Amino acid sequence: MSNILCIGAGYVGGPTMAMIAKFCLEHKITVVDINKDRIDRWNSDDLPIYEPGLLEIVKEARGRNLFFHSDVAGAIKDADIIFVSVNTPTKTFGEGAGKAADLQFWEKTSRDILENCRKPWVIVVEKSTLPVRTAEAMSKILESGKSSTKFSVVSNPEFLAEGSAIKDLTTPDRVLIGGEQNEKGRKAVEQISELYSHWVSKDRLLLTNVWSSELSKLVANAMLAQRISSINSISALCERTEADITEVSKAVGMDSRIGTKFLEASIGFGGSCFRKDILHLSYLCEFYGLHEVADYWASVVRINEWQTDRFFHKILLEQFNNLTDKVIVLLGFAFKENTGDTRDSPAIPLCEKLLGEHANVRIHDPKALDNARIDVKNMEGNLSFYEDVYDAVKGARVITLVTHWQEYLELDFERIYEKMVKPAFIFDGRNHLDHKKLFQIGFNVFPLGRPPMRHIQ
Ligand code: UDX
């Protein structure tokens with residue numbers, strides 16, 4: 001039996017530890033976080049993150065072999081294996097601001113481990129997405145003290161996507177475990193793979209060295225994001241040429257060498273990983289003097305920002321360059337469906353630009369209103385939040401769909417149309433709705449990468 005600890009009770013740490021607790025009954029799993037409120041919520045039925053299927057797993061394991069508390073130092077004392085899952089946002093100051101990772105939480109955690117560990121051998125597992133060679137830096141910190149503990153640092157990046165975390169954890173495409181290339185390192189990798197082998201088949205466990213593991217995570221996210229920027233760039237061309245992006249995506253994706261996933265045009269990708277990881281990758285290339293490579297990857301982020309901006313300009317243009325006091329409803333604020341997370345959501349810059357034009361912005365989201373309130377708290381202008389879509393659309397002129405929540409497909413758009421000011425407009429930032437039907441109801445419909453459907457010219 002091992003004492004397994006996870007430092008950081010966020011989107012990655014919480015669900016991953018819940019899964020390990022579910023399948024590894026012989027181990028005791030503890031999750032700690034300095035944020036006491038967050039821990040209180042992990043100990044309640046109102047979990048701090050929304051993730052389908054998570055509550056059931058937490059309820060089953062909590063108090064049995066899964067524990068949440070905020071005594072970080074105390075928990076480190078007993079730990080044999082420590083997963084580090086603290087946040088590593090993009091630096092906002094100094095050298096590398098806006099690109100490099102801000103490692104202050106991560107470094108503080110490394111020093112906390114060094115100061116408090118008591119076991120003779122501790123395996124430290126990097127779970128946060130980190131710049132390449134961070135494990136090496138962590139080893140340096142851990143070896144710098146007087147502690148008699150021996151450490152092995154393992155890289156085990158997380159590939160779960162929000163909204164499908166439990167599914168991704170249950171049947172992962174692969175689990176990547178990178179270790180130091182020595183006897184101790186190999187033993188550490190073995191122990192971590194043993195945990196996963198409780199529910200993941202052996203052929204999905206990919207054992208590698210630390211640096212390959214760290215870099216693979218960044219590159220996987222960069223390549224996924226690059227597909228979206230590629231298709232989004234083509235959506236602009238489709239709008240000029242009257243080709244249909246959905247047809248193009250389908251035709252391109254049916255090439256088995258390309259595949260169908262991540263080819264949906266959108267208002268722009270968001271989430272805590274893509275932008276941050278590409279900027280890290282680009283910064284890393286800059287650091288090694290690979291300026292062309294750095295610029296290539298940075299362009300994926302530039303296209304993404306441009307796509308959101310393009311969407312906004314389309315609204316503005318169709319409203320005769322005048323949004324003053326016009327009611328615009330945002331359907332969705334989360335960066336994707338099935339999550340309450342709004343980090344890097346395209347809704348944030350969109351909202352800011354609309355307010356800049358003095359529009360009256362109303363926000364609806366089934367799960368993300370609390371986070372949306374925080375994101376917009378420094379924005380000035382006429383902004384309000386709605387729990388009910390039918391209330392939000394009263395007197396509105398424009399609806400913009402930002403997030404493809406399933407429930408938006410089930411809305412009664414005839415009822416919505418009646419409540420709106422005419423002519424009524426829908427801008428679909430996800431090509432999610434039934435455009436033909438909306439047009440028949442009376443809406444002027446503006447999809448992405450497809451010709452608009454206008455009643456008025
Ligand atoms: C991503 C990676 O998928 C995951 O492996 C990694 O561990 C963390 O980052 P996540 O950010 O949770 O996961 O969501 P993901 O499903 O990848 O979507 C990212 C963004 O791309 C969302 O805003 C989504 O709406 C957008 N997207 C996705 C598109 O715009 N078009 C697509 O075709 C697919």
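Looking at A79, A97, A135, just one residue is open to solvent by 40 Å² or more (accessible area, probe 1.4 Å), away from the ligand (no atom under 16 Å from the Cβ) and not hydroxyl-bearing (S, T, Y), and that residue is A97.
How about region 1-74: which strands (runs of 3 or more DSSP E) wholly inside it have at least 2 residues that are more than 20 Å from H198 (Cβ to Cβ)? Even if it seems obvious, please write down each step before you answer.
Working: elements: 3-7, 28-32, 66-69.
It comes to 66-69.
Yes or no: region 357-369 includes at least one residue that is more than 13 Å from G429 (Cβ to Cβ), out of contact with any Leu (no Cβ under 9 Å at 6 or more places or on another chain) and free of Cβ contacts under 8 Å to residues at least 40 places away in the same chain. Yes: one or more hits. Across region 147-181, the qualifying residues are those that are over 19 Å from Y11 (Cβ atoms) and of a type in the set (K, R), and the one among them that is nearest to the ligand (Cβ to nearest atom) is R174.
Of the listed requirements (1) open to solvent by less than 50 Å² (accessible area, probe 1.4 Å); (2) away from the ligand (no atom under 16 Å from the Cβ); (3) among the acidic types (D, E), D341 misses just one: (2).
Every residue, every condition in (1) open to solvent by less than 40 Å² (accessible area, probe 1.4 Å); (2) at pLDDT below 95; (3) in the same structural domain as F159 (by TED's automatic domain parsing); (4) of a type outside the set (K, R), yes or no:
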{"position": "G14", "(1), (2), (3), (4)": "yes, no, yes, yes"}
{"position": "I20", "(1), (2), (3), (4)": "yes, no, yes, yes"}
{"position": "T30", "(1), (2), (3), (4)": "yes, no, yes, yes"}
{"position": "D46", "(1), (2), (3), (4)": "no, no, yes, yes"}
{"position": "I49", "(1), (2), (3), (4)": "yes, yes, yes, yes"}
{"position": "G63", "(1), (2), (3), (4)": "no, no, yes, yes"}
{"position": "F67", "(1), (2), (3), (4)": "no, no, yes, yes"}
{"position": "G74", "(1), (2), (3), (4)": "yes, no, yes, yes"}
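Pairs linking a residue in region 249-267 that is free of Cβ contacts under 8 Å to residues at least 60 places away in the same chain to a residue that is in a loop (DSSP other than H, G, I, E, B) and within 13 Å of the ligand (Cβ to nearest atom), with Cβ atoms under 6 Å and 6 or more positions apart or on different chains, are S249/L263; V252/I258; G253/T260; G253/L263.
Look at (1) touching a residue at least 12 places away in the same chain (Cβ under 8 Å); (2) open to solvent by 40 Å² or more (accessible area, probe 1.4 Å) and you find that R41 fails only one, number (1).
Kindly indicate the residue of region 253-267 that is within 11 Å of the ligand (Cβ to nearest atom) and among the β-branched types (V, I, T) and also most open to solvent (accessible area, probe 1.4 Å) among those meeting that condition. Of everything passing the filter in region 253-267, T260 is most open to solvent (accessible area, probe 1.4 Å). Taken over region 189-243, residues that are open to solvent by less than 50 Å² (accessible area, probe 1.4 Å) and under 28 Å from N3 (Cβ atoms) amount to 13.
Give me the helices (runs of 4 or more DSSP H) completely within region 162-279, filtered to those with at least 1 residues that are closer than 30 Å to L55 by Cβ, ordered by residue number.
Correct list: 165-170, 183-196, 210-241.
Please work out if G289 is assigned by TED's automatic domain parsing to the domain that holds H435, crowded, with 23+ Cβ neighbours inside 10 Å, on the phi > 0 side of the Ramachandran plot and at pLDDT 95 or above. No.
The values are calculated or read from the model by the stated rules, or taken from the named source; none is laboratory data. None of the values given here were measured: they were computed from a predicted structure. Cβ atoms come from the backbone with ideal geometry, glycine included; neighbour counts cover every protein chain shown. Heavy atoms of the whole protein, side chains included, go into the accessibility calculation; ligands, DNA and RNA do not. Shrake-Rupley method; radii C 1.70, N 1.55, O 1.52, S 1.80 Å.
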